[in-house]
Structure formats: C-alpha cells, structure tokens
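Enquirer: One structure coming up, written as structure tokens, with questions to follow.
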Amino acid sequence: MVNIVLLGPPGSGKGTQAEMIGSEYGWPQISTGNILRHAIEEGSDLGKKAKSYMDEGELVPDDLVDEIVKQRLGKPDCEGGYLLDGFPRDVHQAKALDSFSKIKLVIDIQVPDEQIISRLSGRRVCDCGQTYHIQFNPPKGEGVCDLCGKKLIHREDDQPDTISHRLEVYHRKTEPLIEFYRGHGVLEVVDGTKHIDDIFEAIKSKIDKL
Ligand code: AP5
C-alpha cells in the first residue's frame, strides 16, 4: 500500500502535483483544504466552524480535521494507497495520522517565500479540483476550466495579507514536520521552483523507487 503525504508551504504546488500523481497512479487525492471549502459551500456544521479560521489563514482546530481524515482514509478507495495534500499540518496531526495509518513516503516540495505571493495571487481554481495560474499554467479558455467549463475562482484566502499570515503559520506549525518525518526515515525533498512537469518527474522517480 502506497500512502503518501505531500508537504510544503501554501502555494508550493501540492494540489497541482496531487492531481498529476492521482491521474498517473490512480490513487485518491485527499485535500483537507478542499474538504473544508466544500463544507463551507454546503453550509454544514463543519463548514460553519471552519470558515473564520480559513478566512484568516489560521489552521482549523486539530480535533475537527483529524476526525475527517480518519473517516476518509477508512473508505474502500484508500485500500490500495492514497495521497494526502494539506494534512498533517502540525505535529499533533502527524501523531494522530500515525495512530490510524502508516505513511510510506513524505514529499516535501520546497519553494522560497518570495515566490509564494506571486503564485497564489495568480492562482485560479475550479470547483472540480483543477488548479491554474494566470501566467505559469493558464487555462485555454478565458476564465473557465479546461476540464469542466465552469467559471474559475480566485480563492478568498489568496489575498496578499492572508497569504503572508498563512506563510507565517506554515513556518511556525507545519515546517517542524520536515524534521519529524526525516526522523521517521520517510522524507524526500523536491525543488518546487522548477517547471511543473519537471517536479512531477522528480516525484515519480521517488515513488517508483518504493
Ligand atoms: P489548503 O487548501 O490546503 O491550502 P495550502 O496548503 O495553503 O495550499 P494551497 O492550496 O494554497 O497551495 P498548493 O501547495 O496546493 O499549491 P497549488 O498547487 O494550488 O488550506 C487552506 C486552509 O484550510 C488553511 O489555511 C487552513 O485554514 C485550512 N486547512 C487545510 N488543511 C488543514 C489541516 N490539515 N489542519 C488545519 N487546517 C487546515 O499551486 C499554487 C499556484 O502556483 C497555482 O496557481 C499553480 O498553478 C501554480 N504552480 C504550481 N506549481 C508551479 C510551478 N512549479 N511553477 C509555477 N507555478 C506553479
């Protein structure tokens, strides 16, 4: 079973690479950010609790997120392996994950802070999960998704002030996971400043060695 975690700062390309890896290997991609955004759209209890944290670029409380992931990983489509994007986000979540699943590979996508602001301010996303960048990875049609034709969205938390705060939260809470997983002997690092296709090749070579 190939259970993989994608680590990296906001905007490092976790979602972009998760889409590509998921299509190549047929594993489900589990993005806690997407699950939480859908919960907000549906107006569920979870969405109501998560919204203010997400709007401010704070992490949603661990107890809410741990339970969602535990339930999701228990579904039959995860039996052959899965990709986690956006979870774990701190050491508490990593320990919770250890208690209900075994991680085989953690890929840390490294991108310096200076590049993050331009990546996130130019990002456009679709409901279907596809991600674009107005300059680096533009859709073929003006403002609509290549895959499903829906109108693309500029995420609320992709505004400069919120991006800076998300980066600060990343360095304080999520970055310590690099050493945590290095200590578990499962960490691999890729240079996230390269072209999307080159990063994908680098990740594939690490997966194929498993
Ligand atoms: P989440 O949705 O997980 O956001 P994030 O981690 O901040 O990551 P992003 O989705 O912003 O970026 P990404 O790394 O996926 O980059 P992407 O591929 O889109 O979380 C949002 C919020 O939800 C959190 O702030 C928190 O409140 C909450 N949350 C989520 N999970 C949680 C958890 N476990 N615990 C608690 N709270 C949680 O790429 C970015 C842009 O760059 C795109 O436009 C893309 O086209 C472009 N791009 C990608 N690769 C390249 C490249 N190589 N070169 C040039 N451009 C590129």
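The values are calculated or read from the model by the stated rules, or taken from the named source; none is laboratory data. This structure is a prediction, so every number in the text was calculated from the model and none was measured. When we count neighbours, we look across all protein chains shown, and the Cβ atoms used for this are built from the backbone with ideal geometry, even at glycine. The area values use the complete protein model at the heavy-atom level, side chains included, leaving out ligands, DNA and RNA. Shrake-Rupley method; radii C 1.70, N 1.55, O 1.52, S 1.80 Å.
Enquirer: State all residues of the range 23-76 that are within 11 Å of the ligand (Cβ to nearest atom), in a helix (DSSP H, G or I) and among the polar types (S, T, N, Q); if no residue qualifies, say none.
Expert: THR32, ASN34, SER52
Enquirer: Additional query: Quick one: which residue in LEU83, LEU59 is within 30 Å of ASP198 (Cβ to Cβ) and open to solvent by less than 40 Å² (accessible area, probe 1.4 Å)?
Expert: On inspection, the qualifying residue turns out to be LEU83.
Enquirer: When residues of the range 119-135 are filtered for being part of a loop (DSSP other than H, G, I, E, B) and either more than 9 Å from the ligand (Cβ to nearest atom) or touching a Gly at 6+ places or on another chain (Cβ under 7 Å) (or both), how many remain?
Expert: Number of matching residues: 7.
Enquirer: Which condition number in (1) part of a loop (DSSP other than H, G, I, E, B); (2) within 8 Å of the ligand (Cβ to nearest atom); (3) of a type outside the set (Gly, Ala, Ser) is the one that PRO139 fails?
Expert: (2)
Enquirer: Right, here's the next one. Under the condition of being within 10 Å of the ligand (Cβ to nearest atom) and touching a helix residue (DSSP H, G or I) at 6+ places or on another chain (Cβ under 9 Å), which residue from the range 98-118 is modelled with the lowest pLDDT?
Expert: Result: ILE116.
Enquirer: Can you pull out the residues in the range 162-193 that are of a type outside the set (Ser, Thr, Tyr), assigned to a helix (DSSP H, G or I), open to solvent by 20 Å² or more (accessible area, probe 1.4 Å) and out of contact with any Leu (no Cβ under 7 Å at 6 or more places or on another chain)?
Expert: Within the range 162-193, HIS165, ARG166, GLU168, HIS171, ARG172, PRO176, GLU179, PHE180, ARG182, GLY183 qualify.
Enquirer: It is to be established whether one or more residues within the range 135-156 are of a type outside the set (Gly, Ala, Ser) and touching a Ser or Thr at 6+ places or on another chain (Cβ under 7 Å).
Expert: No, every residue in the range 135-156 fails to be of a type outside the set (Gly, Ala, Ser) and touching a Ser or Thr at 6+ places or on another chain (Cβ under 7 Å).
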